[in-house]
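A.B. asks: One structure is given below, represented as structure tokens, and several questions about it will come after.
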Amino acid sequence: MQALIDVILPVFLVVGFGYAVAWRGLLSASSVDGLMSFTQNVAIPCLLFRAIWTLDIGDSFSISLLISFYTGSLTCFLVGLFGARYLFKRDWEDAVAIGFCCLFANSVLLGLAITERAFGPDALSANYAIIALHSPFCYGLGITVMEFVRARAADQPNRDVPLIVVKAMFRNALVIGIALGAVFNLLNISLPAPFTDALDMMVRTALPAALFAMGGVLYRYRPEGDMRIILFVCAISLLLHPSITWTLGTTFALEDSALRSAVITAAMAPGVNCYVFANIYGHARRVAASSVLMASALSVITAWLWLGTLP
């Protein structure tokens, strides 16, 4: 119970504060959108750039860690995709968007914040190793499958799909921040102190501002309809993904810090990017938005329970 109070509740209180401010009309929807745009396109890419730039790649990138986490991600995508199609009779485009909700854990806003509060800032190396591949893997998979489905429905050739995927990936600010960080890391590039100080100031704004903005955005997407499939997405995101990650991580005998980061990240609710993906393609938007909101609320309890399974 102490972990719930000390670690998890402060994170969700910031989200709740953003929700309450939007509910009471203290900030307009355009102001909340502006804050979310700043965090998604500027502050968080700066945070990811700084983290990947200074990450000890040799020590942090464990194949066992990545297999443990991303096997769960891929399995959840497939379960969500085929469950939406065959259990809930959604069309293929809807099914891909729902599968993406099951795939994309909120690794940055919630995963980083909860891991840092639970185990301290020095425990985040494995988080950043997962995050370095998270957006490229998830967007690459989701966009590729969606474009193949759309091409098939329109009876168009599949040869244009790779170019569409590459263009979409490199319009994503998170992917750009990660890629630049990797380049600076591998080439051992340094920056003058005033630039790193300015970058650090930007980084310190990223998580609290993004959590607050997330609450404001979620206010607009209160659950309505499609409750069975929303609960299906919540169960996959909050239970199946961390179960697979915990099982594989234990089997591979991951170090305690790596196991903690992997399981906590896997146990996070779908991120707001799930709604962004659904909105881009115009499919399953209500399911995506409601799943993000409901799973985020439920994860207050489920994250606490998963913390209790960790060494």
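The values are calculated or read from the model by the stated rules, or taken from the named source; none is laboratory data. Note that the structure is a prediction, hence the values are computed from the model and not measured. No Cβ is skipped: glycine too gets one built from the backbone with ideal geometry, and neighbour counts run over all protein chains shown. Each accessible area value is taken on the protein alone, full model and side chains, heavy atoms only, with ligands, DNA and RNA left out. Shrake-Rupley method; radii C 1.70, N 1.55, O 1.52, S 1.80 Å.
A.B. asks: Working only within the range 46-91, note down all residues that are charged (D, E, K, R) and within 20 Å of L124 (Cβ to Cβ).
C.D. replies: R50, D56, D59
A.B. asks: Moving on. Quick check on the range 57-65. Is at least one of its residues over 21 Å from the mean Cα position of the chain (by Cα), of a type outside the set (A, V, I, L, M), modelled with pLDDT under 95 and open to solvent by 20 Å² or more (accessible area, probe 1.4 Å)?
C.D. replies: For the range 57-65, residues over 21 Å from the mean Cα position of the chain (by Cα), of a type outside the set (A, V, I, L, M), modelled with pLDDT under 95 and open to solvent by 20 Å² or more (accessible area, probe 1.4 Å): present.
A.B. asks: For the range 1-20, give me the residue count where each residue is out of contact with any Phe, Trp or Tyr (no Cβ under 8 Å at 6 or more places or on another chain) and modelled with pLDDT of 85 or more.
C.D. replies: Of the residues in the range 1-20, 3 are out of contact with any Phe, Trp or Tyr (no Cβ under 8 Å at 6 or more places or on another chain) and modelled with pLDDT of 85 or more.
A.B. asks: Next up: Looking only at residues that are at pLDDT below 70 and of a type in the set (D, E, K, R) in the range 144-159, which one is farthest from A95 (Cα to Cα)?
C.D. replies: Once the filter is applied, the top-ranked residue is R159.
A.B. asks: Please identify the pairs in which a residue from the range 280-309 that is among the basic types (K, R) has its Cβ atom under 7 Å from the Cβ atom of a residue that is part of a helix (DSSP H, G or I), counting only partners at least 6 apart or on another chain.
C.D. replies: Close Cβ pairs (under 7 Å, with a partner that is part of a helix (DSSP H, G or I)) amount to R285/Y275; R285/A278; R285/N279.
A.B. asks: Could I ask something else about it? Read through the list (1) open to solvent by less than 90 Å² (accessible area, probe 1.4 Å); (2) farther than 30 Å from D33 by Cβ; (3) free of Cβ contacts under 8 Å to residues at least 12 places away in the same chain, then give the number of the only condition that P194 fails.
C.D. replies: (1)
A.B. asks: It is to be established whether one or more residues within the range 128-138 are at pLDDT 85 or above and either among the aromatic types (F, W, Y) or not in a helix (DSSP H, G or I) (or both).
C.D. replies: yes
A.B. asks: For the range 249-273, which positions are aliphatic (A, V, I, L, M) and buried (at least 20 other Cβ atoms within 10 Å of the Cβ)?
C.D. replies: L254, A258, L259, A262, V263, I264, A266, A267, M268, A269, V272
A.B. asks: Out of F82, F38, report the one residue that is open to solvent by 40 Å² or more (accessible area, probe 1.4 Å), assigned to a helix (DSSP H, G or I), aromatic (F, W, Y) and within 19 Å of Y281 (Cβ to Cβ).
C.D. replies: F82
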